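A short worksheet on the structure shown next.
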Amino acid sequence: MKQTTPLRFNYEFSRVYKRGRYLTGTFVVVHFLKRRQAGGNNRLGVTASRQVQGSVRRNRLKRLIRESYRLQEEKLATGFDLIITGRQTEPMPTFAQIDQELGRILRRAGVYRKPEDGFGEKTCSPER
């Protein structure tokens, strides 16, 4: 993840949980907090609920969430602290389900860049 640094310390997670807002979905919960100093990088923490039984399932869920975030990273505005938590569902969600839901939740949260910021415009001219 090029433009994202990890949330590492307990006080950073606590700040997002206490001061931030959250949106829930079937497979993930996204806690987000806009930092005062806009710009810079986003900071990301990925967790899985303890209700997800077994370390193999928890770690797979976290890997799927990280990959989904990585693919959407260039479309996101900067200056946010994000915590994405995987939820217990049966059966285990597929990558496509997580990717679709995470994109929908991040749009609702206002974390996606606006079109006037250069997102969605063509950056190169066609050769033919």
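The values are calculated or read from the model by the stated rules, or taken from the named source; none is laboratory data. It should be emphasised that the depicted structure is a prediction, and the values quoted were computed from it without experimental measurement. When we count neighbours, we look across all protein chains shown, and the Cβ atoms used for this are built from the backbone with ideal geometry, even at glycine. With ligands, DNA and RNA removed, areas are computed over all heavy atoms of the protein, side chains included. Shrake-Rupley method; radii C 1.70, N 1.55, O 1.52, S 1.80 Å.
One residue is enough: does the range 4-17 have a residue meeting the conditions of a type in the set (Lys, Arg) and buried (at least 16 other Cβ atoms within 10 Å of the Cβ)?
For the range 4-17, residues of a type in the set (Lys, Arg) and buried (at least 16 other Cβ atoms within 10 Å of the Cβ): absent.
Give me the residue from the range 18-41 that is of a type in the set (Val, Ile, Thr) and in a strand (DSSP E or B) and, out of that set, most open to solvent (accessible area, probe 1.4 Å).
Thr24
Quick check on the range 92-102: of everything there that is assigned to a helix (DSSP H, G or I) and out of contact with any helix residue (DSSP H, G or I) (no Cβ under 6 Å at 6 or more places or on another chain), which residue is surrounded by the fewest Cβ atoms within 10 Å (Cβ to Cβ)?
Per the criteria, the residue is Ala96.
For residues that are open to solvent by 10 Å² or more (accessible area, probe 1.4 Å), closer than 13 Å to Arg43 by Cβ and in a helix (DSSP H, G or I), tally how many sit in the range 69-85.
Count: 1.
Can you name the residue in the range 36-54 that is touching a strand residue (DSSP E or B) at 6+ places or on another chain (Cβ under 6 Å) and not hydroxyl-bearing (Ser, Thr, Tyr) and, of all such residues, is farthest from Gln88 (Cα to Cα)?
Top of the filtered list is Asn41.
Would it be correct to say that Arg66 is at negative phi, open to solvent by 70 Å² or more (accessible area, probe 1.4 Å) and assigned to a helix (DSSP H, G or I)?
Yes, satisfied.
Just to be sure, is Gly45 at positive phi and surrounded by 12 or more Cβ atoms within 10 Å (Cβ to Cβ)?
It is false that Gly45 is at positive phi and surrounded by 12 or more Cβ atoms within 10 Å (Cβ to Cβ).
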